[in-house]
Structures are given as structure tokens and as C-alpha cells.
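Comments concern the structure below.
Where a number appears in this text, it was derived from the coordinates with a stated rule and is not lab data. Quick caveat: nothing in here was measured; it's all calculated off a predicted structure. Cβ placement follows ideal geometry from the backbone for every residue including glycine, while neighbour counts extend to all protein chains displayed.
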Amino acid sequence: MGRVAKACGCPLYWKGPLFCGAGGERTGSVSVHKFVAMWRKVLQNCHDDAAKFVHLLMNPGCNYLVQEDFVPFLQDVVNTHPGLAFLKEASEFHSRYITTVIQRIFYTVNRSWSGRITCAELRRSSFLQNVALLEEEADINQLTEYFSYEHFYVIYCKFWELDTDHDLLIDAQDLARHNDHAISTKMIERIFSGAVTRGKKVQKEGKISYADFVWFLISEEDKKTPTSIEYWFRCMDLDGDGALSMYELEYFYEEQCRRLDSMAIEALPFEDCLCQMLDLVKPQNEGRITLHDLKACRLAHVFFDTFFNVEKYLDHEQKEQVSLLRESESEGPELSDWERYAAEEYDILVAEEAVGEPWEDGYEAELSPVDQKLSVLRSPLAQRPFFETPSGLGAVDLYECGCGDDDLQPL
């Protein structure tokens, strides 16, 4: 199918969608007649790459893609990309990697938060350009926007450290331990309120899935992207009226003050902090801060950390506002906050594995290799070890993250 994809003028890794679009997933093979009939229909009805890609992967009768639609495409990437060859013998990790990539696709592309990617959203994103780059780039870790294995590994390890009973679900107490309890209790409660999670499990059982954690971690470590600003705005907007009132700001700041006091650090009175934040955001309407205000101010990350992340708040306090602005305005191929965090954390994981340090959660006994063969596997790209990873994990159920019409409405 790779040669067929190229003959059709498509990037190599469209071979999976082309195969599925012609019914190959059901039958295991595709006849030339069936393929030509399918491709002719695509050319008649779809006039750009985004429309073609959606048509090939969507369910019959739909004009959008949901999370499950990406699974066959990504499974083919896992099976055939040279940068993931070392995963071939570790099939239990395929679903983890695929789940991570799907969440990153929806995080970046699905700007409407609807759980459905449309042709228009796909056109506005860089996703199809990244799919084309899969063919040219043998090092999967260079594709940091969606496909990086190193990024997946960092996210998965962070989740594993918090998921003490290893049921692939974490509760509020588990999540509160992230980054040594840096995030306020009130904000943790808001994350579990359903403001930024899909499905009903979080409200019924008070737990979030690995897929939800992917959104949390990327939003927490890079508060400058449109999706992360929307994520934290939804959490702070207690009454859901589309604006942050002074009451809502004070609600979160009260806990910050208590935490600073417990560290013997004098906190700014709320009135002084409020003046600083209003100067920083410069809202269009007095007394309320909108999502548009935060996206326009370039220092949304400083605003959010002031109200619910005491560690990062103190970091920002060490810097002059001028230097913060200079950082946010720098242009060029500089690393994003997320890319910088993932690179640093991956290097720390490599160093810990190199000296054989046990993980801190007391589950050393479960850290056996997935298979004896994996103990000698090495990533052919970075010459880094394929780490010993806990075995016996159930598959992540993508359906936990399915979005019904009434689950999470667009802003």
C-alpha cells in the first residue's frame, strides 16, 4: 500500500487510511477494482488533502473524525515506522503510545473542544504536514508536535508515578502529588469537577483516565498555547459565565496566601495582587477577565500560576516583568515550554535508569522488563535504552474519552 499511496500522490503514511478506506481493515486485503472505485469517489467528492484524509478515516455517514478513527492509522505508524521498530516486540505499549498521540492530536487540532475533528480544523492545523514528515524523518523524536516517543515516555512515566495502584486511573489525591503538591487543592478539585474532562467517569467515580492526564500535563507545563489557556480558564470560571470575576480570583488566591504563609513567605494582599494582574492582563471590561483578554496579553502563564501554582508563582516573582515579556515575544525556532520540559524530564529519566535508581513509589518489584528480549533492546535512533517498564497493564480504553453531545460544550 505504500507504493499505491505514492502512485495516488499521497504521503507514504496515508497507506493505512487508504487501505481502511477501501475496506481492507474488514477483509484483510483490497482488490484493485474496489480500491479504484473508492479512490475515484474520493477524487470526485474531496478537493483537498484535509477532506480526503477525513473521508478515508471517518465512519459512514459522518463528516468528522472521532478519537477511535485514528487508531488504525496510528497502529500502522507503530508497525512500520523505523523510529518505532524497537516497539515491535512490546505490543502492550502500542495502545499507550497510540492513546498519547491521539490525545495530542485532539489537544492541538480540535479547537472547538467538541471531540470531533472537522475538515476545517484539520486544514487550520499542522497535522497533515506532520504526517508527511513521517516519511522523511527517521527519528520519530524529531516530530515533537504529535509523534515523539520521548514525549510519550515522559507523560507515561509521570502518570505511572502518580497511579499508585496501577489501575490506569488516578484520583484527586494522586494528582495532587504531581510536582510535589505544587498545584492548589482548589484547582485539583476543579479538574475533577468535569470542567475539562470528557465522559461521566470523573463525576461518578472521582477518577480521571490516562487520556485526561495527557491534557492536564501538557496544559500544566505549557500555559502559553491556546488550548492550555482555555483549559485553565475553564477551571477558574467557577460559574461558567465566560468571564473571571474578582470573586473567582479571590477564591483561588486565598489558598495561595495560606500556602505562602506556611512557607514563611509574606503574600501580597489580594487587592495589591489584583492590581498587578489587571495591569498585566489589561482586560477590555473593568471587573471581569475574559478568555480573549488572556489570549491577547501574552503573559497568561504568569496570571494562572499566580492563582494556583505556588512553585511557578515564586519562579515568576524572581524575574522582572520586562524579562518575562521578552521571553514571551521571542520569535524563531525556540523550544516551546512543553518541548523544553519534556526534553529535561527525559534526560532525568535516562540518568536515573543509567544509575539504576528505583522509582520512589515502592513498586520496584513490578518494574520487571516487559520481556527478556526488551532488556537488550536499544532505541536505534538516540542510542538510549528502552527502559524497563511495568508489565501486565490493561489496554487504555479510548471509549472512556468519547465525547457525547452533552459532555463538553465548545466555549
* Asked: What's the center-to-center distance, using Cα atoms, between the range 98-167 and the range 1-61 in Å?
  -> 23
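Which value, in Å to one decimal place, does the Kirkwood hydrodynamic radius take for the range 179-238 when every pair of different Cα atoms is included? Write down the numbers at each step before the final one.
Values: mean 1/r = 0.0844 Å⁻¹.
Here the Kirkwood hydrodynamic radius works out to 11.8 Å.
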* Asked: In terms of the Cα gyration tensor, with a ≥ b ≥ c the square roots of its eigenvalues, is the range 263-313 rounded because a/c is under 1.5, prolate because a/b exceeds b/c, or oblate?
  -> oblate
* Taking the alpha-carbon set of the range 31-157, what are its Rg and Dmax in Å? -> 15.2, 47
* What FRET efficiency do you get for Asp48 and Ser262 if R0 is 45 Å and r is their Cβ-Cβ distance, rounded to the nearest 0.05? -> 0.20
* Structure fact -> Expressed as a whole-number percentage, the relative contact order of the range 1-125 with C-alpha contacts under 8 angstrom and at least six residues apart is 20
* Obtain the nm distance between the two label points defined at His181 and Val350 by a simple spin-label model: each point lies 7 Å from its Cα along the Cα-to-C-beta direction. => 3.4
* Asked: Taking the radius of gyration and the Kirkwood hydrodynamic radius from Cα positions alone, what is the Rg/Rh ratio for the range 128-238, to two decimal places?
  -> 1.01
* Asked: Using the Cβ atoms and a cut-off under 12 Å, what net charge is assigned to the surroundings of Pro82, where Lys and Arg are +1 and Asp and Glu are -1?
  -> -3
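Filter the trypsin sites (Lys or Arg not before Pro) in the range 49-124 to those in DSSP coil with at most 13 other Cβ atoms within 10 Å of their Cβ, and list the result.
Working: sites: Lys52, Lys88, Arg96, Arg104, Arg111, Arg116, Arg123, Arg124; in loops: Lys88, Arg111, Arg116.
For trypsin sites (Lys or Arg not before Pro) across the range 49-124 that sit outside H, G, I, E and B with at most 13 neighbouring Cβ atoms in 10 Å, the list reads Lys88.
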* To do: First select every other residue whose beta carbon is under 15 angstrom from the beta carbon of Pro226; then total the charges, Lys and Arg +1, Asp and Glu -1.
  => +2
